Amino acid sequence: MAKNFVESHIQQGAFHTFKVEAGKVVKIGDVVEITANGKVQVAGAGSQKVVGQVYSGTVGIDGKNVGYSGDENMVATVVVLKPFVYMLAESATITAGDALKAGATGGVAVLDTVAGDTALNKIAMAIESGTQGQRILCLLG
């Protein structure tokens with residue numbers, strides 16, 4: 001039986017397509033993080049903005065050896081095993097990649113470690129940026 005470079009068993013609905021950040025290249029198998037622009041790039045060491053692993057991308061490109069380039073407006077299909085949901089922003093500004101905690105009125109606010117928030121308070125990560133009162137796309141967990 002042939003072995004896929006990434007896949008062992010991937011649940012239905014786990015594939016999500018993202019644009020690649022300008023100036024960056026991601027390859028099949030790379031662990032990627034969300035950028036402030038809601039795009040993906042190779043995750044830095046210890047990143048807290050990881051969304052998943054690159055599975056494939058723009059058709060006709062050698063994704064394993066060459067990769068998918070943000071400068072060429074390519075996309076990457078990422079395996080994400082957490083649900084994407086829309087949540088109400090309670091913070092004045094939320095940037096894609098921000099860690100989020102439960103807000104005071106049923107929405108979400110930016111996690112603030114300076115004010116004493118810890119990893120135990122994290123309930124989601126913003127996938128897109130937004131402002132107070134907007135519903136923004138978030139990755140639960």
Per residue, in Å², the accessible surface of the stretch 1-101 once ligands and nucleic acids are set aside, probe 1.4 Å: 57 Å²
19 Å cut-off, amide nitrogen to a point 7 angstrom out along residue 84 Cα→Cβ, residues in the stretch 57-73: 57-59, 68-70, 73
Exceeding the 29 Å Cα-Cα cut-off - candidates 19/122; 39/101; 64/101: 64/101
Residue among 36, 45, 89 with the largest mean-square fluctuation in a Gaussian network model of the chain, springs linking Cα atoms under 10 Å: 45
Label-point separation, residue 115 to residue 64 (7 Å along Cα→Cβ), nm: 4.8 nm
Rg/Rh for the stretch 3-60, where both radii come from Cα atoms and Rh is the Kirkwood radius: 0.95
Spacing of the two label points (7 Å from each Cα toward its C-beta) at residue 22 and residue 123, in nm: 3.5 nm
Heavy-atom accessible surface of the chain: percent carbon and sulfur, 1.4 Å: 52 percent
Correct choice for mean projected area of the Cα convex hull in nm² that was computed from the model, options (1) 9.7; (2) 11.0; (3) 8.6: (1)
Point-charge dipole on Cβ atoms (K/R +1, D/E -1) for the stretch 2-141, about Cα centre, debye to 20: 240 debye
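The values are calculated or read from the model by the stated rules, or taken from the named source; none is laboratory data. What you see is a predicted model; the values in this text were computed from it and never measured. Quick reminder, even Gly has a Cβ in these numbers, built from the backbone with ideal geometry, and neighbours come from all protein chains shown. These accessible areas exclude ligands, DNA and RNA; they are computed on the full protein's heavy atoms, side chains included. Shrake-Rupley method; radii C 1.70, N 1.55, O 1.52, S 1.80 Å.
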